[in-house]
Amino acid sequence: MALGNGGLGRLAAAFMDSLATTGYPGFGNGIRYQYGLFKQRIVDGYQVELPDSWFGSIGNVWETRKDHNIVDVKLFGDVYLSADENGKLVPVYEGAQVLRAVPYDVPQIGFENDNINNLRLWDVEIPEEYELYYPTLESRRRVEDITAILYPDDSNYEGKQLRLVQEYFMTSAGLQTIIKSYLKQGLPLEQIHEKVSVHINDTHPAVAPAEFMRLLVDDYGLDWSTAWNTTVKTMSYTNHTILSEALEKWDAELFKHVLPRVYQIVLEIDNRFVAEMAQKGIDSGVINRTRIVKDGQIHMANLAIIGGHSVNGVAKLHTELLKEDTLHDFYLLYPEKFNNKTNGIVQRRWTQIAAPELSKAIDETIGEAWRSDIHELQKLKAYADDTTVLDNFYHVKQEAKAKLARYIFETTGVEVSTEAIFDVQVKRLHAYKRQLLNVLHIIKLYLDLKDNPDKDMVPRVFIFGAKAAPGYHFAKSVIKIINELANLINYDDSLQGKLKVVFLENYNVSLAELIIPAANVSEQISLASKEASGTSNMKFMMTGAITLATLDGANIEIKDEVGDDNIVIFGMDKDAVYAHYAAHDYYARGVYEANPVIKRVVDSFINGTIPNSQAEGTEIYEALITHNDEYFLLEDFPAYVEAQEKIDQLYRNRAQWSRMSLLNIANSDKFTSDDTITEYAEEIWNLKK
Ligand code: OAK
């Protein structure tokens, strides 16, 4: 089910799997989108988006509709406060739209245990008693739109009303169900935090603390401070990005229009927060930067942090950056709330399912115990100098490469040799991830080979997979350039097959299962500080690719595990990047003019070297030179070229490369999501198996 965009969604899937496997009672809530993330086709080098009608003709055989768990969700209308018979002010809600939230449950099955957890996907329907309010097809369609389609933006935020409705619809339905099921145990509502934890996975469900307050106060009659106390103890929040363009901020007028009662509650939370902080003598600048409602906007991350007891980042560096920069003011107010939970991956999917031959080779070397206890992989270290074992693993990789080579030929018509280095960058297309840096290097290799066809290099196949958000113009231009570069290079006989470029359309989890085990090089080249964690980096490591990386996200922790000799690191670190921000001293045109190699590579975007891409080439040239290269590609370029030359040299020594590869696999156990989820359960949720 493509019910997510990129790393954030796949991580949620991993956590659901790990919760069931480690035996924790953990349940997911999501939206039963009719259409998941778009299917990508490449036509004339351009991305074309097609609908992902994943229900097909047979529907989803794994789901069960649960009519007895239907709840209603109210939107729009007017709310005013009126005194009841005891003089207590109660909200009166008039003219609201009432929608039915219908749950479809999808079992989440643990690995070789008897645990089944539940992923509840919410669909929307018009309640029978309100049918008359929807006399036209158009009015019915507006309701259906709520669960029609997943927004295809990754790490980017669009302030669209329908999106707010989607977020609230799912969050309210989920929270109502949680309260009802808790109350069935006959326990007092004000102690719900002792039995229940609600985790806010990025800010998309960050309306949760306010909605929980509404339910506790309005629907169940708790007084404000009792309700607030239990809300904060129930809620916790994970931040998945430091990019400011991804932080959700709703226009206050829009929010008030869609959720009039929740808006009042948000205002009350905000007022009380400001009063409490002022009373504690907190600096007014800090209060202003951390409050929820300001400048006509509702800051959702602020609501999640104030309304919960825990805030975590998803890799060590990311959490440090949250504390010292992005969320620094909050860190001053609530240091005890901050903690790190480095991401992980489901080893079962990325070894046993995606890499069966590799899994068999591991069995033959250390036995089968690693299949249920991934930490057994460490035993592979003992074979780092065993030539028979290294040879076996080498052939397993060759087999995976052959499988991918066949797929490449069938889908693109391009022939690639398995003797070449398979150099892979697969992830969402985003400027900060710097696919363009990879492209600059490919152009350099191409120009070098044109100058000197006898250049001594190990043949290289550069493999890309990436979806661009449909409205992200620059990202789409990069896709077009990659495809045109591929056309230029793949059919030029003078290159003697030393260079190939392949863009595989419709990158998704299934394709990842084919591509990742076949990779020799894992490109993790985001600008230091920008990639919160990354998780494909872990999947590549676990299947024996060598990581070529900047010191960003979880790359740093991968380096710590494998050691400097078994990874290739290059480029600016986070301090160098921040130093440029502080000094405002980066000048891309200067770098370009001072370095003839860079100049030649960058000029090839505008001088006709890459055919059929004049507009895209100009856009990229301008991003780099006129708009001052926001992600410092040009400064990192020489170090990247050097790192790539190191890869070339290392690969020539098959024994050494195989040793590095084996040590990567052996140390990858650190990144199992089973352990990540155990840390969430023990340190944040206080959850028992
Ligand atoms: C998407 C939309 C809004 C905010 C964050 C994202 C997102 O996908 N973040 C990604 O989360 C992954 C899981 O934690 C991380 O590995 C990626 O680095 C991060 O970009």
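The values are calculated or read from the model by the stated rules, or taken from the named source; none is laboratory data. No experiment lies behind these values; they were computed from the predicted model shown. FYI the Cβ positions are ideal-geometry reconstructions off the backbone, even for glycines, and counts take in every protein chain you see. Ligands, DNA and RNA are stripped out before the accessible areas are found, and what is left, the full protein with its side chains, is counted by its heavy atoms. Shrake-Rupley method; radii C 1.70, N 1.55, O 1.52, S 1.80 Å.
Scanning region 149-168 for residues that are basic (K, R) and more than 13 Å from the ligand (Cβ to nearest atom) yields a single hit, K160. Taking the conditions (1) away from the ligand (no atom under 16 Å from the Cβ); (2) of a type in the set (G, A, S); (3) at pLDDT 95 or above in turn, S18 satisfies each one other than (1).
Would you confirm whether or not region 318-328 contains a residue that is of a type in the set (A, V, I, L, M) and open to solvent by 40 Å² or more (accessible area, probe 1.4 Å)? No, every residue in region 318-328 fails to be of a type in the set (A, V, I, L, M) and open to solvent by 40 Å² or more (accessible area, probe 1.4 Å).
Evaluate the following for E683: is it closer than 29 Å to I345 by Cα, modelled with pLDDT of 95 or more and of a type outside the set (A, V, I, L, M)? Walk me through how you get there before you give the answer.
Working: closer than 29 Å to I345 by Cα: yes; modelled with pLDDT of 95 or more: yes; of a type outside the set (A, V, I, L, M): yes.
When the stated conditions are applied, E683 passes them.
Take Y394 and tell me if it is part of a helix (DSSP H, G or I), under 18 Å from W657 (Cβ atoms) and touching a Lys or Arg at 6+ places or on another chain (Cβ under 8 Å). So Y394 fits the description; yes. Only one of the numbered conditions (1) more than 16 Å from the ligand (Cβ to nearest atom); (2) within 24 Å of L267 (Cβ to Cβ) is not met by E194, and that is (2).
Only one of these is within 16 Å of the ligand (Cβ to nearest atom) and among the aliphatic types (A, V, I, L, M): L247, L216. Name it.
On the way: L216 fails: within 16 Å of the ligand (Cβ to nearest atom).
The conditions single out L247.
Each residue in region 339-364 was checked for being open to solvent by less than 20 Å² (accessible area, probe 1.4 Å), touching a strand residue (DSSP E or B) at 6+ places or on another chain (Cβ under 8 Å) and closer than 24 Å to K574 by Cβ, and 3 of them qualify. Residue-level analysis places A545 outside the set of residues that are away from the ligand (no atom under 13 Å from the Cβ) and touching a Phe, Trp or Tyr at 6+ places or on another chain (Cβ under 6 Å). Confirm whether D629 is in contact with a helix residue (DSSP H, G or I) (Cβ under 9 Å, 6 or more places away or on another chain), free of Cβ contacts under 8 Å to residues at least 60 places away in the same chain and among the charged types (D, E, K, R). Yes; evaluated as a whole, the condition is true for this residue.
Close contacts from region 22-51, counting a first residue that is within 30 Å of N113 (Cα to Cα) and a second that is among the basic types (K, R) and buried (at least 19 other Cβ atoms within 10 Å of the Cβ), with Cβ to Cβ under 7 Å and a gap of 6+ residues or different chains, come to F27/R120; G28/R120; N29/R120.
A Cβ distance below 6 Å, combined with a sequence gap of six or more or placement on separate chains, defines the contacts here; from region 129-144, residues that are under 24 Å from I31 (Cα atoms) reach residues that are assigned to a helix (DSSP H, G or I) in the pairs Y134/R140. Pairs meeting the criteria (first residue in region 154-169 and at pLDDT below 95, second residue more than 14 Å from the ligand (Cβ to nearest atom) and among the aromatic types (F, W, Y), beta carbons under 8 Å, at least 6 apart or on different chains) are G159/W250.
On the basis of being away from the ligand (no atom under 13 Å from the Cβ), open to solvent by 20 Å² or more (accessible area, probe 1.4 Å) and either in a loop (DSSP other than H, G, I, E, B) or touching an Asp or Glu at 6+ places or on another chain (Cβ under 9 Å) (or both), does G571 make the cut? Answer is yes for this residue. Determine if region 574-582 includes at least one residue that is of a type outside the set (V, I, T) and within 16 Å of the ligand (Cβ to nearest atom). Within region 574-582, one or more residues are of a type outside the set (V, I, T) and within 16 Å of the ligand (Cβ to nearest atom). In region 536-550, the condition of being at pLDDT 95 or above, closer than 29 Å to A666 by Cβ and open to solvent by 10 Å² or more (accessible area, probe 1.4 Å) is met by at least one residue. Going through (1) surrounded by fewer than 20 Cβ atoms within 10 Å (Cβ to Cβ); (2) in contact with a Pro (Cβ under 9 Å, 6 or more places away or on another chain) one by one, K233 falls short only on (2). If the condition is being out of contact with any strand residue (DSSP E or B) (no Cβ under 9 Å at 6 or more places or on another chain) and either aromatic (F, W, Y) or without any contact (Cβ under 8 Å) to a residue 60 or more places away in the chain (or both), then region 303-336 contributes E324, H328, D329, L332, L333, P335, E336. In summary, W224 fulfils each of the numbered conditions (1) within 22 Å of G174 (Cβ to Cβ); (2) away from the ligand (no atom under 16 Å from the Cβ); (3) touching a residue at least 12 places away in the same chain (Cβ under 8 Å) with the single exception of condition (1). Test each condition in (1) open to solvent by 70 Å² or more (accessible area, probe 1.4 Å); (2) touching a residue at least 40 places away in the same chain (Cβ under 8 Å) for H68 and report the one that comes out false. Just one mismatch for H68, condition (2).
Could you identify the single residue in L81, L8, L37, L89 that is within 16 Å of the ligand (Cβ to nearest atom), touching a Leu at 6+ places or on another chain (Cβ under 9 Å) and of a type outside the set (D, E)? Break it down into steps so the answer makes sense when it comes.
Working: L81 fails: within 16 Å of the ligand (Cβ to nearest atom); L8 fails: touching a Leu at 6+ places or on another chain (Cβ under 9 Å); L89 fails: within 16 Å of the ligand (Cβ to nearest atom).
Sole residue among the options that is within 16 Å of the ligand (Cβ to nearest atom), touching a Leu at 6+ places or on another chain (Cβ under 9 Å) and of a type outside the set (D, E): L37.
Residues checked against (1) surrounded by fewer than 19 Cβ atoms within 10 Å (Cβ to Cβ); (2) under 21 Å from F671 (Cβ atoms); (3) modelled with pLDDT of 95 or more; (4) away from the ligand (no atom under 16 Å from the Cβ):
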| residue | (1), (2), (3), (4) |
| --- | --- |
| I481 | no, no, yes, yes |
| D492 | yes, no, yes, yes |
| L504 | no, no, yes, yes |
| L514 | yes, yes, yes, yes |
| E523 | no, yes, yes, no |
| S529 | no, yes, yes, no |
| S533 | no, yes, yes, no |
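Among the residues of region 151-171, those that are touching a strand residue (DSSP E or B) at 6+ places or on another chain (Cβ under 7 Å) and under 22 Å from F55 (Cα atoms) comprise Q166, F169, M170.
Please specify each residue of region 278-317 satisfying the condition of being among the charged types (D, E, K, R) and either open to solvent by less than 60 Å² (accessible area, probe 1.4 Å) or within 16 Å of the ligand (Cβ to nearest atom) (or both). Within region 278-317, R291, K294, K316 qualify.
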